[in-house]
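The values are calculated or read from the model by the stated rules, or taken from the named source; none is laboratory data. Source: prediction; values computed, not measured. Glycine gets a Cβ as well: all are built from the backbone with ideal geometry, and neighbour counts include every protein chain shown.
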Amino acid sequence: LEALDVAAIREEFPILQREFDDQQVVYLDNAATTQTPDPVVDAMSDYYRESNANVHRGIHHLSQEASNAYETAHDRVAEFINADGREEIVFTKNTTEGENLLAYAWGLNELGPEDEVVLTEMEHHASLVTWQQIAERTGATVRYIRVDEDGRLDMDHAADLITDDTAIVSAAHVSNTLGTVNPVGQLTDLAHDHDALSFIDGAQAVPNRPVDVKAIDADFYAFSGHKMAGPTGIGVLYGKRDLFEELDPFLYGGGMIRKVTFEDSSWGDLPWKFEPGTPQIAEAVGLHAAIDWLEDIGMERIQAHEEELAAYAYDRLAAEDDIELYGPDGSDRGGLVAFNLDGVHAHDLTSIMNDHTIAVRAGDHCTQPLHDKLGVPASTRASFYVYNTREEVDKLVAALDDARQLFA
Ligand code: PMP
């Protein structure tokens, strides 16, 4: 694989030139939100300048153009993750809404006291809290696949836990805290062996590696535009067409109906049945442009670049004996590293990083139960994207000395 031309890529991100206190921004908070390249901003701005109108196939030219752009964005996403067409692609607000859509539309109606929902101990609150709440209302039980000492899923435990009582298995593809890449195809097979559904949270996978929903055989798969060089306000819920067809809508309103009388209503075609009201049209245009931009670079190359940076960061941090690292060792991890410096709270460390205009994140990264298990209240997380460099990792490591001097 040819290495990325990072210098050329960075030119498309004016925000990376910003300075605070005369220091150029080092943006290592990509697992939270990635930056948006000019072509994506331009696509959205062109849409507003030239094509803005409501969708739902209005009769005038502008509405036809807007409808076309909005619908085509679904096709582009389908192609990107190897889905069978726009019917399998529902636009949501983000990954969180994808989880909630399925939990409300399916879970609330289908789950009962005899059912089990199987999650992993490394789930993001987006899935963990959602399924907890649905379980509470339906009487279902939530079970968690153990995370072992190395930060990997204990697959023997998974095989024990997933039984004929399991109704759904919901797992993160890549952990946003540990960086672990989970065997989601294997988890899906286990679920299917017991006639359970599989839901994969791809928030940290789709932006960073090639994802093929058919190869995984996932029944549902969710991700967010703002973590993949796209805009905020748009996410995707993929679902197998026959499953989406059986599912009732989650939200109701205009644009999603076939026929309405004073007594009753029937639902429109997929995916519109799940997209009532005026949708995120400009954001869909932006997501389309982001996918074009990513594929121009190539997802394999993006993955290789991030893995190389994460391994470099892991090794540099592991060489410091007062650093505790979480998750699998250097190789075989997504593009992020979470850690703690002995005797320094993650918030203090992150604030010192900010004194150097290094953007990293402190906290539990919406995985509080996992942090409880790790025995720490919080960690500092550096996460990488296409535009990051080894020099930026070096700056992060160099800044640790300030924290040592202040707190040790
Ligand atoms: N799942 C995972 C694994 C994540 O990393 C995130 C974002 N931190 C989410 C879900 C939630 O994504 P969003 O905030 O875009 O809904």
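Worth pointing out:
- Breaking point among (1) within 28 Å of D217 (Cβ to Cβ); (2) crowded, with 23+ Cβ neighbours inside 10 Å; (3) aliphatic (A, V, I, L, M); (4) away from the ligand (no atom under 16 Å from the Cβ), for A78: (2)
- For the stretch 106-128, the set of residues classified as within 16 Å of the ligand (Cβ to nearest atom), in a helix (DSSP H, G or I) and surrounded by 18 or more Cβ atoms within 10 Å (Cβ to Cβ) consists of A126, S127, L128, listed by residue number.
- Scan of the stretch 352-362 for residues that are in contact with a strand residue (DSSP E or B) (Cβ under 8 Å, 6 or more places away or on another chain) and not hydrophobic (A, V, I, L, M, F, W, C), ordered by number: H356, T357, R361
- Single unsatisfied condition, P210 versus (1) under 30 Å from Y27 (Cβ atoms); (2) in contact (Cβ under 8 Å) with a residue 40 or more places away in the chain; (3) surrounded by 21 or more Cβ atoms within 10 Å (Cβ to Cβ): (3)
- Look at the stretch 213-231: where a residue is more than 14 Å from V77 (Cα to Cα) and not assigned by TED's automatic domain parsing to the domain that holds A167, no partner that is assigned to a helix (DSSP H, G or I) and within 13 Å of the ligand (Cβ to nearest atom) sits 6+ places away or on another chain with Cβ atoms under 8 Å.
- Matching residues in the stretch 102-124 - criterion: being under 24 Å from the mean Cα position of the chain (by Cα), closer than 22 Å to L153 by Cα and of a type outside the set (S, T, Y): V117, V118, L119, E121, M122, E123, H124
- Residues located in the stretch 206-223, provided they are closer than 10 Å to I81 by Cβ and within 13 Å of the chain's Cα centre (by Cα): V206, V211, Y221, F223
- Selection status of G298, surrounded by fewer than 20 Cβ atoms within 10 Å (Cβ to Cβ) and at pLDDT below 95: no
- Condition check for G202: within 13 Å of the ligand (Cβ to nearest atom), modelled with pLDDT of 95 or more and at positive phi: no
- Near pairs, Cβ below 6 angstrom, 6+ apart or cross-chain, from the stretch 136-164 (in the same structural domain as G179 (by TED's automatic domain parsing)) to any residue that is at pLDDT 95 or above and among the aromatic types (F, W, Y): V142/W131
Residues checked against (1) at pLDDT 95 or above; (2) within 30 Å of A313 (Cβ to Cβ):
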residue: V6; (1), (2): yes, yes
residue: D29; (1), (2): yes, yes
residue: A43; (1), (2): yes, no
residue: R49; (1), (2): yes, no
residue: R57; (1), (2): no, no
residue: A83; (1), (2): yes, no
residue: N94; (1), (2): yes, yes
residue: E110; (1), (2): yes, no
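Per-residue answers, yes or no, for (1) surrounded by fewer than 23 Cβ atoms within 10 Å (Cβ to Cβ); (2) assigned to a strand (DSSP E or B):
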{"site": "Q132", "(1), (2)": "yes, no"}
{"site": "R137", "(1), (2)": "yes, no"}
{"site": "Y144", "(1), (2)": "yes, yes"}
{"site": "D150", "(1), (2)": "yes, no"}
{"site": "A158", "(1), (2)": "yes, no"}
{"site": "S170", "(1), (2)": "no, yes"}
{"site": "D189", "(1), (2)": "yes, no"}
{"site": "D195", "(1), (2)": "yes, no"}
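- Here the strands (runs of 3 or more DSSP E) wholly within the stretch 224-304 that include at least 2 residues being away from the ligand (no atom under 16 Å from the Cβ) are 257-260, 265-267.
- Complete set of residues in the stretch 337-394 that are part of a helix (DSSP H, G or I), over 26 Å from Y144 (Cα atoms) and of a type in the set (S, T, N, Q): T350, S351, N354
- Applying the criterion of being among the acidic types (D, E) and either exposed (fewer than 13 other Cβ atoms within 10 Å of the Cβ) or under 19 Å from Q280 (Cβ atoms) (or both) to the residues of the stretch 17-57, the residue that is nearest to the ligand (Cβ to nearest atom) is D42.
- Hey, A3 within 16 Å of the ligand (Cβ to nearest atom), of a type in the set (A, V, I, L, M, F, W, C) and at negative phi or not: no
- The stretch 338-373: number of residues that are more than 16 Å from the ligand (Cβ to nearest atom), closer than 17 Å to N30 by Cβ and not hydroxyl-bearing (S, T, Y): 4
- Test: D332 is surrounded by fewer than 18 Cβ atoms within 10 Å (Cβ to Cβ) and under 30 Å from G298 (Cα atoms): yes
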